[in-house]
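Novice: Dropping a structure here in structure tokens format, bear with me for questions.
The values are calculated or read from the model by the stated rules, or taken from the named source; none is laboratory data. Fair warning: this is a prediction, and the values are worked out from it, not measured in the lab. Here the Cβ is made from the backbone with ideal geometry for all residues, glycine too, and neighbour counts use every protein chain on show.
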Amino acid sequence: MSVVGAPREGMIKPQLTGGQRVRATLGRMRPGPEHLVDAGFAVLVVALVLVGLRTSVFGTHSLLAGVVGMLLGLVLGHVQATYRWPLVAISALTVVLYLLVGALVVVRDDLRFGVLPTLRTFTDLAGAPIHGWKRWLTLVPPVDADGQMLALVFFVAVVGTLVVYAAARRHRSALLVAAPVLVLLCVVLLMGTQAPASPLVHGVALPVALLAWFALRARRGQERRGRPAPSRFALGGGILAISALVAGLLGPLLGDADPSERSTLRAEVSPVHDLSYLTSPLGEFRSYTEQSPTRLWDTELFRVGGVPVGAPLRLATLDSWDGTTWGVTGLDEAGGDPRRAFQLFGQRVGVSDSAGRTPSEITVEVPEEGYDGPWVPTTGSVQGITLDEPTAERVDGKAWLNLSTDAVLVPSGLQAGDRYTLRTVLTESLGEELPQSLPVARGSLPMGASTDFVEPRLRTWAADESDPWRRFVAVATAMREEGTYTDGLPAISAEGSTSAAYRQLAAEALLVHGPGHGTARLTNFLGHDPLAGDDEQYAAALALMGNRLGIPTRVVLGAVATQDGVVRGRDVHAWVEVQRADRSWYPVMPQTFMPDRETAPPEQMQTWDAPASEPLPPPPPPPVVQSDPTDWSSPRTWPLWAKALAVLVVLPLLFLAIAPLVGGVRRVLRARTGDPDQRVGRAWADLVDEARSMGLDVPLRATRPEQAMALGPPVDAMPVAVAADALVFGERPADPAAVGAWLRDLRAVRRRARRSAGLPAALVARTDPRRVVTHDVPADHAPRRSRRKADRT
């Protein structure tokens with residue numbers, strides 16, 4: 001009968017209480033030094049990536065959302081990496097904490113009593129990842145950071161940090177760690193705008209942070225082999241120098257691309273707004289005239305504050321003519337789909353000023369029975385709009401902005417009490433006369449019908465000038481001096497506008513001076529002497545002649561600011577804008593081409609007969625820019641062929657030229673640094689690398705004597721191989737003097753190997769780039785202290 005003895009100590013696992021199990025489980029959450037390093041770099045690289053949202057959203061709340069989101073993502077990533085939870089479990093925890101933390105810290109606009117989340121709070125948070133993207137991508141950037149927009153920033157920060165940190169904890173490969181960072185960067189760039197948020201951050205700071213992180217992670221795997229050889233630092237510096245040279249050559253070439261060609265989701269999903277149902281605003285001009293039955297002449301339309309007297313206040317910008325009316329397309333200078341010209345904006349919008357000018361703030365308010373049109377008054381170059389309540393709530397998601405024309409459209413129209421603030425760069429003060437010289441662009445706006453009927457007047461008014469702008473000035477001056485003003489209706493008689501005599505006169509006048517600016521009306525306008533019409537006909541005809549002269553010219557319907565800030569119907573005018581050579585627009589105000597309002601046309605209009613004249617010469621071709629001698633001091637000014645030659649030919653040759661130098665420095669440093677046995681192992685590994693580069697069949701996974709036999713009898717490397725094994729595997733550390741003698745013998749073996757392989761093979765081996773980037777030392781060449789530690793374990 002056998003007797004079972006008592007179990008030895010440690011064979012029975014002690015029973016832990018519930019509290020002990022909880023403490024043991026939570027103890028696993030305590031991060032170690034390596035975890036803290038990964039956490040710090042994960043937050044750093046995600047923060048650098050999120051800088052790309054700078055041009056899409058503004059407000060300090062977005063910064064808070066990003067910081068809180070990164071901290072929450074860091075905690076979630078640490079939990080997942082510590083306990084290795086399945087995807088379902090960590091996703092559920094992420095959703096719960098995302099809603100709770102987001103409701104209490106980030107999206108606080110709809111909290112009850114300042115602490116209790118409401119249904120609207122959770123709706124904004126839950127809806128941001130689902131359909132908040134559409135609102136983000138269709139609003140004019142940068143959007144105001146509130147509601148779903150703030151929740152979307154928070155969501156991106158949480159998920160991005162969670163994935164990046166969890167990948168760093170679970171994977172040792174630098175590629176697997178960099179992959180989520182690059183994916184997050186692509187997402188942020190696609191969410192951004194065509195204007196780069198920060199090229200230095202994404203092009204310099206982010207790669208440097210990633211390289212530093214990967215270098216520290218690589219050190220963890222090298223600790224058993226000691227510190228890296230100095231040749232690694234020399235190699236890294238050389239690679240960085242070559243990369244900087246390549247970037248200097250390729251960067252200017254890539255920088256010449258048009259920023260508008262940047263691929264963003266915003267450009268692909270821009271909302272389409274149909275303008276075809278809107279009538280031409282210019283066709284409604286006569287409703288503001290003195291004799292109009294609408295009685296808007298003395299009606300207060302809107303009040304403005306902060307605008308100098310005489311400044312133009314834009315209602316609508318008309319940039320296409322179809323033979324019947326001037327219409328609105330809102331095309332930029334690059335053209336494109338006209339339906340995408342107008343973009344939605346929310347309660348507040350900010351547009352960055354590329355020129356760096358200081359914007360001004362003006363206020364606009366609609367009084368009772370005031371302006372109720374769909375075109376919102378603006379002025380200057382609009383940089384931002386803030387809608388006051390209750391206007392903001394009423395037009396939220398229903399207001400459209402055109403960045404190329406600075407026009408704002410609210411299809412439902414403005415209402416009494418509407419008020420908003422414009423942040424805008426005001427137009428420079430305009431004189432009573434046009435400048436004698438102005439650098440203008442070349443071309444014309446879309447013309448849907450023939451404009452040949454303006455040619456006779458152009459021949460008469462502008463035949464003596466050759467410069468396009470001088471021709472335009474001559475036409476505007478002639479219209480002002482030779483024209484008369486009428487709104488189509490005679491002055492109201494003593495009997496009033498209801499008398500039969502007045503109605504008869506009005507009918508006769510409208511036959512000659514009716515409204516409109518189509519082909520028939522403008523042909524009649526230009527075909528009588530003198531000219532007779534109002535702002536509608538003068539501005540429409542001048543714009544057509546400007547485009548006929550080869551200058552992009554468009555029509556603007558708006559008003560002129562008054563001394564008291566009250567804009568009435570009498571202050572509404574139409575003028576034109578010509579495009580400068582720098583793609584900006586110069587306003588040509590009514591006083592420069594309109595006759596005095598007191599200059600009435602004669603009762604009997606005469607048909608104008610065009611005098612015999614030579615055809616108007618075509619606009620001169622654009623001046624030929626003489627190419628300056630190439631400036632070779634900077635790669636940015638090099639021609640394309642020189643950049644391609646430098647990248648494809650010179651750089652590879654340069655790398656091959658410096659390969660022997662880098663390889664020699666690397667070989668010397670590896671042979672003179674480290675422990676004696678480590679120096680021997682590295683020197684022998686260099687010999688094997690060079691022999692393989694010369695075409696000798698030397699096995700890598702073989703002993704040194706076997707490798708010496710593969711080198712062949714002419715090389716006679718067997719004595720040196722045996723001596724190397726004796727130095728490395730001896731009972732005592734190798735004597736430095738003995739190592740030095742062995743290195744001299746090894747150099748003799750290398751010379752014999754080169755002679756045996758021949759001069760061409762030796763040159764190929766010297767310039768072989770693979771020898772520059774190989775560092776690995778066989779396992780038996782590891783430092784003696786690491787081997788002894790391994791033996792003890």
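Novice: List the residue pairs whose Cβ atoms are under 6 Å apart, where the first residue sits in region 151-173 and is farther than 16 Å from MET191 by Cβ, the second is modelled with pLDDT of 95 or more and not in a helix (DSSP H, G or I), and the two are 6 or more positions apart or on different chains.
Specialist: From region 151-173, no pairs qualify.
Table: residues versus (1) part of a loop (DSSP other than H, G, I, E, B); (2) modelled with pLDDT under 90; (3) surrounded by fewer than 18 Cβ atoms within 10 Å (Cβ to Cβ).
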{"site": "THR363", "(1), (2), (3)": "no, no, yes"}
{"site": "GLY384", "(1), (2), (3)": "no, yes, no"}
{"site": "SER404", "(1), (2), (3)": "yes, yes, no"}
{"site": "GLY413", "(1), (2), (3)": "yes, yes, yes"}
{"site": "GLY443", "(1), (2), (3)": "yes, yes, yes"}
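Novice: Sticking with this one: Does region 19-36 contain any residue that is of a type in the set (A, V, I, L, M, F, W, C), at pLDDT 80 or above and surrounded by 15 or more Cβ atoms within 10 Å (Cβ to Cβ)? Explain how you work it out, then say what you get.
Specialist: Step one: of region 19-36, the residues of a type in the set (A, V, I, L, M, F, W, C) are 22, 24, 26, 29, 36.
Still in the list and also at pLDDT 80 or above: 36.
So of that shortlist, the ones also surrounded by 15 or more Cβ atoms within 10 Å (Cβ to Cβ) come out as none.
No, region 19-36 contains no residue that is of a type in the set (A, V, I, L, M, F, W, C), at pLDDT 80 or above and surrounded by 15 or more Cβ atoms within 10 Å (Cβ to Cβ).
Novice: Checking PRO207 against (1) without any contact (Cβ under 8 Å) to a residue 40 or more places away in the chain; (2) crowded, with 21+ Cβ neighbours inside 10 Å; (3) not small (Gly, Ala, Ser): exactly one of these is not met. Which one?
Specialist: Failing condition for PRO207: (2).
Novice: Name the residue, out of VAL153, VAL177, VAL158, VAL163, that is of a type outside the set (Ser, Thr, Tyr) and under 22 Å from the mean Cα position of the chain (by Cα).
Specialist: Values: VAL177 fails: under 22 Å from the mean Cα position of the chain (by Cα); VAL158 fails: under 22 Å from the mean Cα position of the chain (by Cα); VAL163 fails: under 22 Å from the mean Cα position of the chain (by Cα).
Answer to the check: VAL153.
Novice: Going through region 289-326 one residue at a time, which ones are among the small types (Gly, Ala, Ser) and surrounded by fewer than 16 Cβ atoms within 10 Å (Cβ to Cβ)? Spell out how you get there, then give the answer.
Specialist: So in region 289-326, the residues among the small types (Gly, Ala, Ser) come out as 292, 305-306, 310-311, 316, 320, 323.
Correct list: GLY305, GLY310, GLY323.
Novice: Filtering region 330-350 down to residues that are touching a Leu at 6+ places or on another chain (Cβ under 7 Å), modelled with pLDDT of 60 or more and not in a strand (DSSP E or B), which residue is surrounded by the most Cβ atoms within 10 Å (Cβ to Cβ)?
Specialist: Residue satisfying both the conditions and the ranking: PHE342.
Novice: Now for a separate question. Checking the conditions here, which among SER260, SER270 is within 29 Å of VAL425 (Cα to Cα), at pLDDT below 75, surrounded by 16 or more Cβ atoms within 10 Å (Cβ to Cβ) and under 28 Å from the mean Cα position of the chain (by Cα)? Steps first, please.
Specialist: Working: SER260 fails: surrounded by 16 or more Cβ atoms within 10 Å (Cβ to Cβ).
Of SER260, SER270, the one residue that is within 29 Å of VAL425 (Cα to Cα), at pLDDT below 75, surrounded by 16 or more Cβ atoms within 10 Å (Cβ to Cβ) and under 28 Å from the mean Cα position of the chain (by Cα) is SER270.
Novice: Residues of region 569-583 being assigned to a strand (DSSP E or B) and within 16 Å of LEU438 (Cβ to Cβ), which ones?
Specialist: TRP575, VAL576, GLU577, VAL578, GLN579, ARG580
Novice: Take LEU211 and tell me if it is part of a helix (DSSP H, G or I), more than 24 Å from the chain's Cα centre (by Cα) and over 30 Å from ILE385 (Cβ atoms).
Specialist: Working: part of a helix (DSSP H, G or I): yes; more than 24 Å from the chain's Cα centre (by Cα): yes; over 30 Å from ILE385 (Cβ atoms): yes.
Judged against the criteria, LEU211 is a match.
Novice: With (1) within 24 Å of ALA416 (Cβ to Cβ); (2) part of a strand (DSSP E or B); (3) at pLDDT below 85 as the list, and THR294 as the residue in question, which single condition is left unmet?
Specialist: (2)
Novice: Then there is this: Among GLY681, GLY695, GLY664, which is within 19 Å of LEU759 (Cα to Cα) and part of a helix (DSSP H, G or I)?
Specialist: So the residue among GLY681, GLY695, GLY664 that is within 19 Å of LEU759 (Cα to Cα) and part of a helix (DSSP H, G or I) is GLY664.
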